[in-house]
Amino acid sequence: DAMVIQNPRYQVTQFGKPVTLSCSQTLNHNVMYWYQQKSSQAPKLLFHYYDKDFNNEADTPDNFQSRRPNTSFCFLDIRSPGLGDAAMYLCATSRDWGLARLTSTDTQYFGPGTRLTVL
Amino acid sequence: QKEVEQDPGPLSVPEGAIVSLNCTYSNSAFQYFMWYRQYSRKGPELLMYTYSSGNKEDGRFTAQVDKSSKYISLFIRDSQPSDSATYLCAMMGGANSKLTFGKGITLSVRP
């Protein structure tokens, strides 16, 4: 059974038209992450939530926002998508953050991704 | 210098070959080392996890970490066409759970 679910799997939007991507999890994990992955590149962390605390990466553009209304759901809002925002957007979860010692079950679980096309 | 460098690909091998995938890193604070496998149009899935230096084996897969050289490897024995995917190395420090990924290498195993 899917543990991290992303909707939609494919999203097409127009240049400048706001878009929202959705992520939900059945793991009851405290931490949810959003990554951007462009072709042949490493996933790039945009931000993460530890419970309700929002943590933005320093180089994440203001165009990207996120909401986490409850433990299970997290949304990525792109206010004015540009052509350079076309990418795969990956949601991930982990049980906790900043543990003194991690085990394999503390690592991040990824969803299948949403591929965003900007026309 | 990037924090994590991964051998560029793509890599194509015949079925049954032994595959060696490698990453180097510069941040000596990294303690946790992972390999993720990503099939086309899917999210990464955790394949191997290692804490600190040493070897870890799981079936046909062996992960090696050499912290003194800042070098990690993933070996795949008796490679199968179903192993065809992109392999991403990833690392994290202790208190900070932020994952730092390599770019990934695409492996193709020919029947």
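The values are calculated or read from the model by the stated rules, or taken from the named source; none is laboratory data. What you see is a predicted model, and the numbers here were worked out from it, not measured in a lab. As a convention, Cβ positions derive from the backbone with ideal geometry for all residues, glycine included, and neighbour counts pool all protein chains shown.
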Q. For segment B:6-50, what are the residues that are basic (Lys, Arg) and modelled with pLDDT of 90 or more?
A. B:Arg37
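The rows are residues; the columns are (1) modelled with pLDDT under 95; (2) among the hydrophobic types (A, V, I, L, M, F, W, C).
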| residue | (1), (2) |
| --- | --- |
| A:Phe73 | no, yes |
| A:Asp77 | no, no |
| A:Cys91 | no, yes |
| A:Leu102 | yes, yes |
| A:Tyr109 | yes, no |
| A:Pro112 | yes, no |
Q) Restricted to segment B:76-94, and to residues that are at the interface with chain A (Cβ under 9 Å from one of its Cβ atoms) and within 14 Å of B:Asn27 (Cα to Cα), which residue is surrounded by the fewest Cβ atoms within 10 Å (Cβ to Cβ)? A) B:Gly94
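Does B:Ser73 qualify as being away from chain A (no Cβ under 14 Å), among the polar types (S, T, N, Q) and in a strand (DSSP E or B)? Lay out the reasoning, then the answer.
Values: away from chain A (no Cβ under 14 Å): yes; among the polar types (S, T, N, Q): yes; in a strand (DSSP E or B): yes.
Yes: the conditions hold for B:Ser73.
Please give the strands (runs of 3 or more DSSP E) falling wholly within segment B:1-43 in which 3 or more residues are within 27 Å of A:Thr114 (Cα to Cα). Walk me through how you get there before you give the answer.
Numbers: elements: B:4-6, B:11-14, B:19-25, B:32-38.
Of the strands (runs of 3 or more DSSP E) lying wholly inside segment B:1-43, those with at least 3 residues that are within 27 Å of A:Thr114 (Cα to Cα) span B:4-6, B:32-38.
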